[in-house]
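Trainee: Take this structure first; my questions come after.
Bear in mind that the values in this text are calculations on the coordinates, not laboratory data. This structure is a prediction, so every number in the text was calculated from the model and none was measured. For neighbour counting, all protein chains shown are included, and Cβ atoms are generated from backbone atoms with ideal geometry for every residue, glycine included.
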Amino acid sequence: MNTKPLTPQRILLQGFLITVALGWLFPIAWAVLNSFRDYQYTAQHGYVSFGGFTLHNYSQAWQRGDFGRHFLNSLIITVPAVLLTLFFASMIAFVLARFAFRLNLALLGVFIAANLLPQQALLIPLFRLYRAVPLPYWMSDSGMLLDSFWGLILINVAFQSGFCIFVLSNYMKALPHELYEAAQVDGASAWRQYWQITMPLCRPALAALATLEFTWIYNEFFWAVALMTTGEKFPVTSALSNLRGEFFTDNNLVSAGATIIALPTILIFFLLQRHFISGLTLGATKG
């Protein structure tokens, strides 16, 4: 087994990385620890103490935050948005990677440029557009894109597609051209090349993007506040505001609520961890 000698530079680098990691993890660990502590105990003994542990914060946060309803709302928004984003992005990336035409690079630049626009700059025109576009009442109680789940799904797909197209197009360009040449000789259509050859080979990249997109869309808060007017339709990230009082806030209760909200993203990461890491490290080594 080959191991590199511990030089002073290497020891200094490892010490720096450990310090940064501990500094990043400390606030998270502190919030999780206090989520298991009674507020009355911490108010009396201070947060720099040990004791007052309870599970009451979690049951109270679930009830007061109405997390059951809001988790369902987040599921309705996040899962279709992730699937649609990956589906449309993979098709566009396949075209950009496999077909050479004059506007190929310009088209990729348009999709990437959309991610550079600040969301706040588009708030007013999108709000007016959503208020003017009608929807069937079986798709939206309000009869408009405004205050509908479809409105949030579409806006997330629009903003997240550019990054996915950029990643997938570069991934697909690295696939062997011989596979497509053999498929063309066998008479495979473009759709068959995309669905039966490219998509199975892109599973690591799709898994990595699915993990990232689920986290980003699930944690998205700005558009939900801007484009939703009915409190019962808000995603779970907005439920933390239900735990804050007008004159008093139980920080331990809020920490418990934040921990509950973070659990789905942690679960998704561990389920897709193997594919996520392989997707990120593909092409990092030669030979």
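Let's see how each residue does on (1) in a helix (DSSP H, G or I); (2) hydrophobic (A, V, I, L, M, F, W, C):
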{"site": "22", "(1), (2)": "yes, yes"}
{"site": "29", "(1), (2)": "yes, yes"}
{"site": "34", "(1), (2)": "yes, no"}
{"site": "48", "(1), (2)": "no, yes"}
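Trainee: Here's something else I'd like to know. Restricting to region 229-259, and then to whatever is within 20 Å of residue 218 (Cβ to Cβ) and either in contact with an Asp or Glu (Cβ under 6 Å, 6 or more places away or on another chain) or hydroxyl-bearing (Ser, Thr, Tyr) (or both), can you tell me which residue is surrounded by the fewest Cβ atoms within 10 Å (Cβ to Cβ)? Don't jump to the end; show me each part of the working.
Mentor: Taking region 229-259 first, the residues within 20 Å of residue 218 (Cβ to Cβ) are 230-243, 254-259.
If we keep only those that are either in contact with an Asp or Glu (Cβ under 6 Å, 6 or more places away or on another chain) or hydroxyl-bearing (Ser, Thr, Tyr) (or both) too, we end up with 230, 237-238, 241, 255, 259.
Values: 230: 10, 237: 18, 238: 19, 241: 14, 255: 21, 259: 19.
Among them, the one singled out is 230.
Trainee: While we're here: Evaluate the following for residue 180: is it under 25 Å from residue 79 (Cβ atoms) and either within 23 Å of the chain's Cα centre (by Cα) or not in a loop (DSSP other than H, G, I, E, B) (or both)? Even if it seems obvious, please write down each step before you answer.
Mentor: Working: under 25 Å from residue 79 (Cβ atoms): no; either within 23 Å of the chain's Cα centre (by Cα) or not in a loop (DSSP other than H, G, I, E, B) (or both): yes.
So residue 180 does not fit the description; no.
Trainee: Among the listed residues 48, 95, identify the single one that is of a type in the set (A, V, I, L, M) and either under 22 Å from residue 239 (Cα atoms) or surrounded by 14 or more Cβ atoms within 10 Å (Cβ to Cβ) (or both). Step through it out loud before you land on a result.
Mentor: Details: 48 fails: either under 22 Å from residue 239 (Cα atoms) or surrounded by 14 or more Cβ atoms within 10 Å (Cβ to Cβ) (or both).
Going through 48, 95 in turn, just one is of a type in the set (A, V, I, L, M) and either under 22 Å from residue 239 (Cα atoms) or surrounded by 14 or more Cβ atoms within 10 Å (Cβ to Cβ) (or both): 95.
Trainee: Limited to region 98-123, what total is found for residues that are under 22 Å from the mean Cα position of the chain (by Cα), surrounded by 17 or more Cβ atoms within 10 Å (Cβ to Cβ) and of a type outside the set (A, V, I, L, M, F, W, C)?
Mentor: Residues flagged as under 22 Å from the mean Cα position of the chain (by Cα), surrounded by 17 or more Cβ atoms within 10 Å (Cβ to Cβ) and of a type outside the set (A, V, I, L, M, F, W, C) within region 98-123 amount to 0.
Trainee: Next question. How many residues are of a type in the set (Ser, Thr, Tyr) and either within 17 Å of residue 197 (Cβ to Cβ) or not in a helix (DSSP H, G or I) (or both) when one looks only at region 83-99? Working first, answer last.
Mentor: Filtering region 83-99 for residues of a type in the set (Ser, Thr, Tyr) gives 85, 90.
From what is left, the residues that are either within 17 Å of residue 197 (Cβ to Cβ) or not in a helix (DSSP H, G or I) (or both) are 90.
Qualifying residue count for the region: 1.
Trainee: Hey, another quick one. Inside region 50-82, can you point out the residues that are small (Gly, Ala, Ser), more than 30 Å from residue 161 (Cβ to Cβ) and in a helix (DSSP H, G or I)?
Mentor: First, pick out the residues of region 50-82 that are small (Gly, Ala, Ser): 51-52, 59, 61, 65, 68, 74, 81.
Subset that is more than 30 Å from residue 161 (Cβ to Cβ): 51-52, 59, 61, 65, 68.
Answer for region 50-82, where residues must be small (Gly, Ala, Ser), more than 30 Å from residue 161 (Cβ to Cβ) and in a helix (DSSP H, G or I): 59, 61, 68.
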